[in-house]
């Protein structure tokens, strides 16, 4: 694995775990961290052994948010565009990855940290973790996709309540509204994410990659266009070796040997 300053990359079975590693700043997301996560996710595309990407901040906190020592320097529209384009590149890297991305969350997951987690495909959290977008407290607006991804995940009413109040919610409340997919015992989020990764690793890599593309792109289309796009993807995957192997293995009552082609 390559050496990074703000993250630590570790393969655990079929999962590539990206540990956010700025404990002195409670994993505040800096420009350097953004660039390093993008680099690690990009490198993972060529790593056939890494079937799932997990974002993990540690047992005490996921991320305190954006690094405000950098954000405070953003004082003009030009500065803001440049700064938030980096955030958008980070989130796009996660969403456009061909591999499932899971955010494993313990402790607090605040503002930019939550916006990072929202760009993952799935979120699991330990009981006792808390979630908030606190931009309204400091006179700003969530600018790393929070006003757009949050309502798409939890619905407009729940998103407005979180964004207006700018107060933390519990993991139980996050589970109720669909912000997280699973709640574990405290300290169990990473283990749960690894279990999910182990299951997903038994599925056809191209199937999962096409599912991500279908959902992310389809959610931005009208239904008729999305169905047409889905049809294009499924007819494409029908020409792959893994599709033939999957159906043959099912008929022969054996486990399929997927190779990602």
Every residue from segment 8-44 that is within 21 Å of residue 95 (Cβ to Cβ) and surrounded by fewer than 15 Cβ atoms within 10 Å (Cβ to Cβ): 42, 43
Go through the residues of segment 196-216 one by one and say whether even a single one is closer than 22 Å to residue 115 by Cα, out of contact with any strand residue (DSSP E or B) (no Cβ under 6 Å at 6 or more places or on another chain), modelled with pLDDT of 90 or more and not in a helix (DSSP H, G or I). no
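Every residue, every condition in (1) assigned by TED's automatic domain parsing to the domain that holds residue 95; (2) touching a residue at least 60 places away in the same chain (Cβ under 8 Å); (3) within 23 Å of residue 115 (Cβ to Cβ), yes or no:
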position	(1), (2), (3)
169	yes, no, yes
178	yes, no, yes
218	no, no, yes
241	no, no, no
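Within segment 235-261, count every residue that is in a loop (DSSP other than H, G, I, E, B) and closer than 11 Å to residue 204 by Cα.
Initially, segment 235-261 is screened for residues in a loop (DSSP other than H, G, I, E, B), giving 238-240, 252-261.
Right, trim to closer than 11 Å to residue 204 by Cα and you get 240, 256-261.
Here the count works out to 7.
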Single residue of 107, 57, 65, 80 found to be crowded, with 21+ Cβ neighbours inside 10 Å and at pLDDT below 95: 65
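The values are calculated or read from the model by the stated rules, or taken from the named source; none is laboratory data. These numbers were taken from a predicted model, which means no experiment stands behind them. No Cβ is skipped: glycine too gets one built from the backbone with ideal geometry, and neighbour counts run over all protein chains shown.
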